[in-house]
Amino acid sequence: RARSTVLADGGFQGNPELVRRFISKRPESLVQRNAKTGRGDALRMAEEGGAMLTGTDRFYGHLLVQEALKNDGLWPYPTIDSLASSAVVVDSSGRRFLDEGIGGVTMSNVIAKLDDPLSATTIFDNTLWETTGRVEFTPPNPFVVAGGGTLTTAPTLEALAQAINIPAAALVETIRSYNELVESGNFAALSPPRSPGRMFGVLRSSNTRTEIRPIKDPPFHAIRLCAGLTYTMGGIAISPRTEVRRADGSAIAGLYAIGACTGGLEGGPMAGYIGGLCKAASLGFIASEEIGARLWAHR
């Protein structure tokens with residue numbers, strides 16, 4: 001009966017069925033890196049009312065250590081983004097399956113869509129652990145172990161593979177070919193290709209930067225990864241004036257949506273992230289202008 005109604009209840013990250021429908025076949029294998037209150041009620045109501053949905057297959061999140069699934073002391077931090085981006089990420093076969101240079105948010109989305117989202121492990125050497133491992137706001141070194149997470153360490157890659165139960169020959173070959181092509185600068189020859197030359201963070205101790213480098217300085221380390229889901233990026237399709245759109249593109253008169261329950265501003269192939277608060281504030285401002293003009297026109 002209202003002239004204007006605004007949908008603004010956040011994303012659907014806290015609804016396992018919607019996460020299963022849009023993001024991951026195994027929602028129980030993702031860490032809820034959020035308040036668990038985003039249940040997607042507005043999205044479901046809008047869809048039942050004929051609204052179009054868009055971009056629902058992407059989310060904002062970070063890489064976490066797997067123990068974060070059961071240990072609340074390991075989320076929202078430390079994140080493993082910078083460390084994994086400078087190292088190698090392998091699956092249960094011991095082989096790379098993504099471009100580590102795409103960054104933690106996009107890697108989290110790739111890992112969430114695996115048949116087994118808990119099959120990813122990042123492999124790195126001691127130099128990376130002592131440099132990039134100390135870069136983040138709450139760095140993996142030392143907060144993974146201090147928080148109760150597992151850092152697996154071994155003197156050789158063969159021993160490391162045995163300790164984490166992946167094929168040793170495959171892991172050794174993965175690291176050998178990775179090192180060879182990184183040292184030659186031929187990133188495109190890697191399978192999958194590796195984004196070259198990206199820099200990750202400033203080391204607080206020396207004000208130097210860490211870049212992609214070979215993994216060859218023992219001891220070698222491994223951290224089993226999982227995707228931490230902070231909030232979903234997609235949702236209700238809206239017009240530039242925040243009006244909810246039907247499947248044919250027309251607007252539902254008087255119905256608006258703002259913030260994380262909407263889709264279209266974030267996501268895409270690289271899970272582009274603009275910031276949840278920015279999205280909420282800017283769309284809220286636009287909706288208020290539109291509703292004000294609507295009320296003025298009907299005064």
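The values are calculated or read from the model by the stated rules, or taken from the named source; none is laboratory data. This one's a predicted model, so the numbers in the text were calculated from it and none came from an experiment. Please note: Cβ atoms are built from the backbone with ideal geometry, for glycine as well, and neighbour counts cover all protein chains shown. These accessible areas exclude ligands, DNA and RNA; they are computed on the full protein's heavy atoms, side chains included. Shrake-Rupley method; radii C 1.70, N 1.55, O 1.52, S 1.80 Å.
Entry remark, the range 115-140: residues being open to solvent by 10 Å² or more (accessible area, probe 1.4 Å) and touching a residue at least 40 places away in the same chain (Cβ under 8 Å) number 13 in total. When the range 239-264 is filtered for residues that are touching a helix residue (DSSP H, G or I) at 6+ places or on another chain (Cβ under 6 Å) and surrounded by fewer than 22 Cβ atoms within 10 Å (Cβ to Cβ), only R241 remains. A search for C-beta distances below 8 Å between a residue of the range 50-63 that is among the charged types (D, E, K, R) and any residue that is assigned to a strand (DSSP E or B) and at pLDDT 95 or above, counting only pairs 6+ apart in sequence or on different chains, returns R58/T232.
Would you call V19 of a type in the set (A, V, I, L, M) and not in a helix (DSSP H, G or I)? So that I can check it myself, show each step before the final result.
Numbers: of a type in the set (A, V, I, L, M): yes; not in a helix (DSSP H, G or I): no.
No, not satisfied.
Among the residues making up the range 186-207, those that are of a type in the set (G, A, S), modelled with pLDDT under 90, assigned to a loop (DSSP other than H, G, I, E, B) and within 27 Å of the chain's Cα centre (by Cα) are S195, G197. Here I166 clears all of (1) closer than 22 Å to T230 by Cβ; (2) out of contact with any Cys (no Cβ under 9 Å at 6 or more places or on another chain); (3) hydrophobic (A, V, I, L, M, F, W, C); (4) not in a helix (DSSP H, G or I) except the condition numbered (1). Among the listed residues S4, S86, S82, which satisfies the condition of being surrounded by fewer than 20 Cβ atoms within 10 Å (Cβ to Cβ) and polar (S, T, N, Q)? Checking each option against the conditions leaves just S4.
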